[in-house]
1. Where does the chain land at 222 nm, in deg cm²/dmol rounded to the nearest 500, when only DSSP H runs of n ≥ 4 count, each adding -39500 (n - 2.57), divided by all residues?
2. Quick one: helix 165-179 against the long Cα principal axis of the chain, what's the angle to the nearest 10°, folded into 0 to 90?
3. With θ set to phi - 60° and the Karplus curve 6.51 cos²θ - 1.76 cosθ + 1.60, what are the ³J(HN,Hα) couplings of the stretch 95-107 in order, to the nearest whole Hz, using x for Gly and Pro?
4. Cβ under 14 Å from Gln150's Cβ, Gln150 left aside: what net charge do those residues give with Lys, Arg +1 and Asp, Glu -1?
5. Grab the beta carbon distance between Ser6 and Ser149, set R0 = 30 Å, and tell me the FRET efficiency rounded to 0.05.
6. Cα gyration tensor of the stretch 75-127, axes a ≥ b ≥ c as square roots of the eigenvalues: rounded (a/c below 1.5), prolate (a/b > b/c) or oblate?
7. Using all C-alpha to C-alpha distances in the stretch 9-99, build P(r) with 10 Å bins and read off the rounded percent in each one.
8. Among residues other than Asp84 whose Cβ falls under 14 Å from its Cβ, what is the net charge (Lys/Arg +1, Asp/Glu -1)?
Amino acid sequence: MIFVTSNQHKYNEISSIMQTGGFRVQWRKMKYQEIQADTTEEISLDSAKKLAPLLGEEFFLEDTGLYIAALNGFPGPYSSYVQDTIGNPGILRLMDSSSRSAFFLTVITFYDGTEFHQFSGRLDGSIALEIAGKGGFGYDPIFIPEGESQTLGQLPESAKNSISHRRRAVTSFMEFLKESGHFDSISD
Ligand code: IMP
């Protein structure tokens, strides 16, 4: 199964999760232009639609956003731009100390050669008071998953991979692949 991303962290996480589920992931390391849209679903679908004629075969990609309740869902679909501009220190400056709940949303779009299918996964949690941890990437050092006391940047990668938004989206995707008979599994 071809996974298109230029992000090494995303590839590592997804290939490790899918390998445990019995699927082999081939990394197609490619940068592609993302539209600015209102939802993570639209961005993910638009990217897949643009890449489908170029690749001409089955593949999937994903788009992820961090939605902060007190900021009315910001940065959400602007997560990439916001991480590149104000970054984690900038997000912390925008927050007051009370309401800090947030969630990550990952939307996978799979092109089966004819149609597009989407699978999403959400991880609820809160924005930490300060940056903590060197693991993971992006917003991981400022996000504390529900039920944990440490940020995703402090937790080991295996812990992130067992609860993450990405893990949840990939789990639905793998169920779909199994049900629809797409077997690019390791045992093939
Ligand atoms: P995109 O899906 O590559 O557009 O990611 C949007 C932004 O969210 C980027 O700045 C990523 O670094 C960040 N991001 C994506 N996935 C994660 C994650 O699992 N943890 C923390 N940040 C993430």
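The values are calculated or read from the model by the stated rules, or taken from the named source; none is laboratory data. Remember, it's a predicted structure, so these values are computed and weren't measured experimentally. Don't worry about glycine lacking a Cβ; one is built from the backbone with ideal geometry, like all the others, and counts go over all protein chains shown. Just the protein is used for accessible areas: all its heavy atoms, side chains included, with ligands, DNA and RNA removed. Shrake-Rupley method; radii C 1.70, N 1.55, O 1.52, S 1.80 Å.
1. -10500 deg cm²/dmol
2. The two axes meet at around 20 degrees.
3. Karplus values, whole Hz, x for Gly and Pro: 9, 9, 7, 7, 6, 10, 6, 7, 9, 9, 10, 10, 10.
4. On the way: positive: Lys134, Lys160; negative: Glu130, Asp140, Glu146, Glu148, Glu157.
Around Gln150, the charge tally is -3.
5. Here the calculated transfer efficiency is 0.35.
6. oblate
7. 14, 36, 33, 15, 3
8. On the way: positive: Lys31; negative: Glu34.
Taking every Cβ under 14 Å from that of Asp84, the sum is 0.
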